[in-house]
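Everything below concerns the one structure shown next.
The values are calculated or read from the model by the stated rules, or taken from the named source; none is laboratory data. Bear in mind that the values here come from a model prediction, so they are computed numbers and not experimental data. Positions of Cβ are backbone-derived with ideal geometry, glycine not excepted, and every protein chain shown enters the neighbour counts.
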Amino acid sequence: MNETAQHPEKDTLSKAYEFAEVERRWYARWLDDKTFSARMDKDKPAFSIVIPPPNVTGVLHIGHALNNTLQDLLVRYHRMKGDNTLWVPGTDHAGIATQNVVERQLASENLSRHDLGREKFIERVWAWREEKGGTIINQLKRMGASCDWERERFTMDEGLSRAVREVFVRLYREGLIYKGDYIVNWCPRCHTALADDEVEHEPTDGKLYHIRYPYADGSGFVVVATTRPETMLGDTAVAVHPDDERYQHLKDIGISLPLTDRTIPVVFDHHVQREFGTGALKVTPAHDRDDYEIGLRHDLPRLKVIDDKGVMNEAAGVYAGLDRFACRKKVVEDLQALGMLDRIEDYQHAVGKCYRCFEVIEPTTSKQWFVSVRPLADKAVAAVQEGRIKIYPNTWYRTFYAWMDNIRDWCISRQIWWGHRIPAWTCQGCQQLVVEVDPPQVCPFCGSASLHQEDDVLDTWFSSALWPFSTLGWPEKTRELATFYPTSVLITSFDILFFWVARMMMMGLHVMDEVPFHDVYLHALVRDKFGKKMSKSTGNVIDPLVMIQQYGTDAFRFTLTAFAAQGREIRMDEERIDGYRRFINKLWNAARFAQMHLSEADPGITALAAEPASLALPHRWILSRLNATINDVRAALDGYNFNEVASANYQFVWHEFCDWYLEWVKADLFSDDPAARDQARAVLLTVLEQVLKLMHPIIPFVTEEIWSRLPGERGSIMVESFPETRSAWEDPAAETVMNLLMGVISGLRTIRTEAEVHPSAKIDVLLLCPDADKRALLGEHAAALQAMVRAGSLAIEADGTVPDDAGHALMQDVELVVPLKGLIDVVGELEKLAREQGKLDKDLARILAKLGNDQFMANAPAAVVAKERDKEAEVRVRLGKTLESVERLNKLR
RNA sequence: GGGCGAAUAGCUCAGCUGGGAGAGCAUCGGCCUUACAAGCCGAGGGUCACAGGUUCGAUCCCUGUUUCGCCCACCA
């Protein structure tokens, strides 16, 4: 019976790694086996991450891909370490974005949300969510994300909605939420306030109108400039800079506002830029954000002259009823008629437009709900200052503090329908405001049953600010909360540090009285290889799903990991993905090679590697290098140096394990000596097992697939323990010896190549070395040396003469001599030697200058001085040998 | 205007507390050597943006300059 029949899964590995089938098969298996499910063992440390919830309308982009790869990397690492590991997935209801999607759908049916009414509309959004909301979740699965999917949450879930209401009511009762007038970005067409990031600023050609504002006493006038003359009807002051000498005389003078019968004051405010225009600024607190601030500082009245539809109201006097742009025209004409229009100039400026309908935004005051963030922000700042929350990379601390210092109250109300409706009711009887977690049946003040709930919903960020504890079941006192809160680390993109991260800190510290996470890792934005932002219009978008299809998920994940260096923007280059695909393939083939030499019969063979002292040199060497790699990888993971995780693995697997170790032990594997064979097989399997585990967090699929095909009874690699360093493996002596041998081999190969010796031709090698110990060592490994350089003969001597027509090189104190009758490129060699000599001369001069410098000798550490002395000796020897070679070659000319 | 970051091989990037710089890709040369041509072996290639300073010693620390990128504010 052949092995294939016995182990149907363990048939010979195909020559190239077929990722598509492997990925599909293993992900399904992981789900079936519930390997992603969190455990809550009492005696284990906890590691938890809550996913930055993507918008439910979202489609996986490369930022998500990076973000989730890094999270999965850490989650898989900690799971293998045996921690109670939880990664909570979920999506965000994304108020405006989602409402938009459904409104567009309605529009195609010639319906508006008003046609449906609030209740029906919301039903429709939920229906949309049921049907289409899972897109991004499925895409995350294709990335290999090992989230605990049974705990998937949605910010509009019943439980999370309750958390939102609880927090709202609590903050309201503490006086930290209030309702007040504020200036907002108002879209007169959509009839809602917009968040700042929902306003698109577009450079627009406009006019700058210079208007004369006469003094009330008739003694003169001041000229102010504006792009929106209609707003002058709502002016309640003129502002100048306090230090502006031109306007000191205006201190006690009133301004007679043209087109109205009002007299307004002049105020002095640092905000005014003296250089702009005339240095005098008209102040319209009800229709301009800055003016609003100035108004607050000087206690100015707010006179609203434009209504919610963009039409002038009765406060605009004779202009009432005019559309704001019609009014602008009329105001300009009237001013002109009065001789008050100084001049008009063309002016390009940024006009804020609604990102949905492109209507020009009208800043206006309206009743909105706010969070008083100062006391909350102070807690967050304190937590960061005290190191209870650490931020990686640390360059963000300054930015964080600066932003928190200047933080303004947070407007949390939105005039849309999709979201958490504000849990506040106005009693139609007594007009009192009732704020409750659950809808009140009657007014607690007057007993009236007629209560009207606020129409506004909460800013989406309000619910996401609660995400770290609302997803764990708060306000219930759950086991999850006790086990996993605070979460371990938050991994997110830096652009939502303030929108989201800071607010989670504030809410977590205030509501839970505990940080929401211990660490914050902020990764960069992924750009194209030229550093440009990826955008559909530029056409430089790299679609993760296409990359997965083309190169495989593992290669893509490895690339993202390799690019994730701290504190730098990421320039994604598709060629790199292809490079890492080759790496995956390399690993695959190394495993194939191993499999050829391993059998089902002896899975316990790896025990040999546990006692490395008795093993031959290459085995001790690779185990020592493995040990160093384990150490490096763990340190890099613990310090969030993801790129180093990737490079340490890459370097070890390809260049040490494959290039040197596998080549070196081929002789042993094919040897007749069973002891040599067993050693090689034991270490080969050991190292392979370790690197698979080491890399599983980055490249879960290929490692799992190879793992399953290795000999012995094997469960999922996901539940194997992550590699740990072992002092028995550490072997600096073996590394030193191997470094010498590898140097000798490389040197001999170079000689071969430069003399254009055909790779299959054998050479004769003479090694000259004065050191008897080294000669012994070289002799010990003569067979390997001969095999690695294809030498027909190998002689090792203490001293000897170098034939004139020999290739020659020096490795430490070993002279490499390869007689090559007539094959030496004399001229080329001489040129090379001349370059070499020049370099050595320079080096020697520099070293001698250093050693001759009293200051250096007095101040430099002894180790550095000793190193320079060693260098001097080495350079002198090499120089001597170089000159000998030149002499030799000159005879051949 | 304020802040942050970057500048290292042709390209994309490492280089973590100062002791004469590395990788991958690309280039050039040679190889189908019993895991892998998606591979192997070798080679070439850098005044570490510029100018000062600190230091025995600077890619690294400090100051300034230039170029590029980002963030915040503002553009009445």
Would you point out which residue out of A:400, A:358 is exposed (fewer than 13 other Cβ atoms within 10 Å of the Cβ) and either among the hydrophobic types (A, V, I, L, M, F, W, C) or under 37 Å from the mean Cα position of the chain (by Cα) (or both)?
-> A:358
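Applying the selection to region A:1-28, what residues are in a loop (DSSP other than H, G, I, E, B) and modelled with pLDDT of 85 or more? Even if it seems obvious, please write down each step before you answer.
Our first condition is that a residue be in a loop (DSSP other than H, G, I, E, B); within region A:1-28, this holds for A:1-2, A:7, A:11-18.
Across region A:1-28, the qualifying residues are A:17, A:18.
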Long-range neighbours under 8 Å by Cβ, at least six apart or interchain, first residue under 14 Å from residue A:609 (Cβ atoms) and touching a residue at least 12 places away in the same chain (Cβ under 8 Å) within region A:652-680, second more than 8 Å from RNA strand B (Cβ to nearest atom) and among the aromatic types (Phe, Trp, Tyr) | A:661/A:621
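At least 3 residues that are at pLDDT 90 or above and within 29 Å of residue A:545 (Cα to Cα) in each: list the helices (runs of 4 or more DSSP H) lying fully within region A:106-185 that qualify.
Details: elements: A:113-116, A:118-132, A:135-142, A:158-173.
Result: A:118-132, A:135-142.
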Residue that is more than 10 Å from RNA strand B (Cβ to nearest atom), within 47 Å of the chain's Cα centre (by Cα) and of a type outside the set (Val, Ile, Thr), where the choices are A:815, A:872 = A:872
Taking residue A:766 and the conditions (1) within 17 Å of residue A:888 (Cβ to Cβ); (2) out of contact with any helix residue (DSSP H, G or I) (no Cβ under 9 Å at 6 or more places or on another chain); (3) within 16 Å of RNA strand B (Cβ to nearest atom), which numbered condition does it fall short on, given that it satisfies the others?
-> (3)
Any residue at all in region A:640-650 that is more than 25 Å from residue A:14 (Cβ to Cβ), away from RNA strand B (no atom under 16 Å from the Cβ), surrounded by fewer than 21 Cβ atoms within 10 Å (Cβ to Cβ) and not small (Gly, Ala, Ser)?
-> no
Taking the stated definitions as given, is residue A:790 touching a strand residue (DSSP E or B) at 6+ places or on another chain (Cβ under 8 Å), over 30 Å from residue A:627 (Cβ atoms) and of a type in the set (D, E, K, R)?
-> yes
If you take the residues in region A:338-355 that are within 15 Å of RNA strand B (Cβ to nearest atom) and of a type in the set (Gly, Ala, Ser), which one is surrounded by the most Cβ atoms within 10 Å (Cβ to Cβ)?
-> A:352
Which of (1) exposed (fewer than 15 other Cβ atoms within 10 Å of the Cβ); (2) without any contact (Cβ under 8 Å) to a residue 60 or more places away in the chain; (3) away from RNA strand B (no atom under 16 Å from the Cβ); (4) not in a loop (DSSP other than H, G, I, E, B) is the odd one out, the single condition residue A:444 does not satisfy?
-> (4)
The one condition in (1) within 16 Å of RNA strand B (Cβ to nearest atom); (2) touching a residue at least 24 places away in the same chain (Cβ under 8 Å) that residue A:739 fails to fulfil = (2)
Tally, over region A:239-252, of residues that are over 13 Å from residue A:276 (Cβ atoms) and under 47 Å from the mean Cα position of the chain (by Cα) = 2
Enumeration of residues in region A:406-417 that are within 11 Å of RNA strand B (Cβ to nearest atom) and touching a residue at least 24 places away in the same chain (Cβ under 8 Å) | A:407, A:408
Might you check whether a residue that is among the small types (Gly, Ala, Ser), under 27 Å from residue A:205 (Cβ atoms) and buried (at least 19 other Cβ atoms within 10 Å of the Cβ) occurs anywhere in region A:322-337?
-> no
Identify, from the list A:97, A:28, A:38, the residue that is free of Cβ contacts under 8 Å to residues at least 60 places away in the same chain and under 26 Å from residue A:523 (Cα atoms).
-> A:97
Subset of region A:228-268, residues touching a Ser or Thr at 6+ places or on another chain (Cβ under 9 Å) and among the polar types (S, T, N, Q), comes to A:231, A:236, A:256, A:263
Give region A:757-810 a look and list any residue that's in contact with a Gly (Cβ under 6 Å, 6 or more places away or on another chain) and under 17 Å from residue A:617 (Cβ atoms), or say none.
-> A:796
Test each condition in (1) closer than 20 Å to residue A:798 by Cα; (2) buried (at least 17 other Cβ atoms within 10 Å of the Cβ); (3) within 14 Å of RNA strand B (Cβ to nearest atom) for residue A:783 and report the one that comes out false.
-> (2)
Residue selected from region A:651-672 under the condition within 11 Å of RNA strand B (Cβ to nearest atom) and over 20 Å from residue A:737 (Cβ atoms), by the criterion nearest to the chain's Cα centre (by Cα) = A:651
Please give the number of the condition residue A:776 fails out of (1) out of contact with any helix residue (DSSP H, G or I) (no Cβ under 8 Å at 6 or more places or on another chain); (2) within 10 Å of RNA strand B (Cβ to nearest atom); (3) free of Cβ contacts under 8 Å to residues at least 12 places away in the same chain; (4) not in a loop (DSSP other than H, G, I, E, B).
-> (2)
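Going by the structure shown, is residue A:279 of a type outside the set (Asp, Glu), more than 30 Å from residue A:459 (Cβ to Cβ) and exposed (fewer than 14 other Cβ atoms within 10 Å of the Cβ)? Show your work before the answer.
Details: of a type outside the set (Asp, Glu): yes; more than 30 Å from residue A:459 (Cβ to Cβ): yes; exposed (fewer than 14 other Cβ atoms within 10 Å of the Cβ): no.
Spelling it out, it is not the case that residue A:279 is of a type outside the set (Asp, Glu), more than 30 Å from residue A:459 (Cβ to Cβ) and exposed (fewer than 14 other Cβ atoms within 10 Å of the Cβ).
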Could we say that residue A:595 is part of a helix (DSSP H, G or I) and more than 10 Å from RNA strand B (Cβ to nearest atom) here?
-> no
So, of the residues in region A:550-590 that are among the small types (Gly, Ala, Ser) and outside any helix (DSSP H, G or I), which turns out to be nearest to RNA strand B (Cβ to nearest atom)?
-> A:565
Does residue A:533 qualify as being modelled with pLDDT under 80 and near RNA strand B (Cβ under 10 Å from one of its atoms)?
-> yes
So which of A:493, A:464, A:488, A:450 is of a type in the set (Ser, Thr, Tyr) and farther than 30 Å from residue A:570 by Cβ?
-> A:450
Tell me, please, whether a residue that is out of contact with any Pro (no Cβ under 8 Å at 6 or more places or on another chain), surrounded by fewer than 19 Cβ atoms within 10 Å (Cβ to Cβ) and either acidic (Asp, Glu) or free of Cβ contacts under 8 Å to residues at least 12 places away in the same chain (or both) can be found in region A:371-379.
-> yes
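Residues in region A:744-757: is at least one more than 16 Å from RNA strand B (Cβ to nearest atom) and either farther than 27 Å from residue A:695 by Cβ or of a type in the set (Phe, Trp, Tyr) (or both)? Talk me through it step by step, then tell me what you get.
Let us first name the residues in region A:744-757 that are more than 16 Å from RNA strand B (Cβ to nearest atom), namely none.
Checked region A:744-757: no residue is more than 16 Å from RNA strand B (Cβ to nearest atom) and either farther than 27 Å from residue A:695 by Cβ or of a type in the set (Phe, Trp, Tyr) (or both).
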